[in-house]
Amino acid sequence: MSITVNGIDELKKLAGSDLGTSEWIEVTQERINTFADATGDHQWIHVDPEKAAAGPFGAPIAHGYLTLSLFIPLFTELLDVQGVTTKVNYGLNKVRFPSPVKVGSRIRLVGKLAEAEDVAGGVQITVDGTIEIEGGAKPAAVLQSLSRFYA
C-alpha cells in the first residue's frame, strides 16, 4: 500500500518513517535476458540455464544491477509524492548484494525514509532499502538511495 504525500513539506514530515513493504515481483529468465541484452552482460551464470544449473547456485541468477534497478518500480509502490514538478534519482550511498536472486524467485522492497534535507528548490530524501527474496535467509540487496523532489 502506497503512502501519498502532497508537496515537499509533507514529504519532509515523513523523515524517520517506515514506508512499508512492496508487493512481490517474480524475476523471470525473460527479464534477466532482456537486462543482459540492454547491458551487454551475457555471462553464462545469468543467461545459460543449462550451464547455470550445474554452476555454484544451481540455477541462473539475476544480475546484481538488475536487482538494483528494480528498486525504482518497487519504491513507487511505497511512496507517491504529488505536488512536485520534478523527481530525480540522485544516487546511492551504499549497495550490497548479500544473496543472489535465482531465476523464478520473487523479491520485494522494505523501505524507510531515513532523512529528508533541503536542497536548492526542493528536498533530497535518503531511503534505506532492503530487497528481500521470498523464503530467503539473506536479502538480495541492501541499499541507501538518494532522490530529489523539486517544487
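The values are calculated or read from the model by the stated rules, or taken from the named source; none is laboratory data. From a predicted model like this one, the values you see are computed outputs, not experimental measurements. Positions of Cβ are generated from backbone atoms using ideal geometry, with glycine treated the same way; all protein chains shown enter the neighbour counts. Quick note on the areas: whole protein, heavy atoms, side chains included, nothing else; ligands and nucleic acids left out. Shrake-Rupley method; radii C 1.70, N 1.55, O 1.52, S 1.80 Å.
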### Query
Could you give the nm distance between label points at LEU92 and ASP37, where each point is 7 Å from its Cα heading toward the beta carbon?
2.4 nm
### Query
How high is the relative contact order of segment 31-151, in percent, with contacts defined as C-alpha pairs under 8 Å that are six or more residues apart?
25 percent
### Message
With a 1.4 Å probe and all protein chains left in place, how much accessible area per residue does segment 87-151 have, in Å²?
### Response
49 Å²
### Task
Report the label-to-label distance for ILE45 and LYS13 in nanometres (one decimal), using points 7 Å from each Cα along the Cα→Cβ vector.
4.7 nm
### 20 Å reach of a label modelled at THR76, 7 Å along Cα-to-Cβ, counting backbone N of segment 85-110
85-92, 107-110
#### Entry: Pairs of lysine residues in the chain - Cα separation under 30 Å, sequence separation of 8 or more or cross-chain
15
### Task
Determine the share of the chain's accessible area contributed by carbon and sulfur atoms, expressed in whole percent, with a 1.4 angstrom probe.
49 percent
### Message
I'd like the antiparallel share, as a percent to the nearest 5, of DSSP beta bridges with both residues in the chain.
### Response
90 percent
### Query
Taking the Cβ-Cβ separation of GLU23 and ALA114 as r and a Förster radius of 35 Å, what is the calculated FRET efficiency to the nearest 0.05?
0.95
### Extension reserve of the GLN124-ALA59 stretch, reckoned as 0.36 nm per residue once the Cα distance is removed
19.5 nm
### Task
Select one label from (1) 53, 30, 23; (2) 72, 48, 38; (3) 47, 35, 32: the one whose number is Cα extents along the principal axes in Å as derived from the coordinates shown.
(1)
#### Entry: Between segment 105-151 and segment 1-57, the alpha-carbon center distance in angstrom
12 Å
### Query
Which loop-located GluC sites (Glu not before Pro) does segment 52-137 contain, where loop means any DSSP state but H, G, I, E or B and the Cβ has at most 13 other Cβ atoms within 10 Å?
GLU134
### In segment 1-49, the chymotrypsin sites (Phe, Trp or Tyr not before Pro) that fall in loop regions by DSSP, at most 15 other Cβ within 10 Å
TRP24
### Query
Please state the relative contact order of segment 33-100 as a whole percent: Cα pairs under 8 Å, 6+ residues apart?
21 percent
### Task
Quickly estimate the mean residue ellipticity at 222 nm for the chain, helices only: each DSSP H run with n ≥ 4 gives -39500 (n - 2.57), and the total goes over all residues, rounded to 500.
-6500 deg cm²/dmol
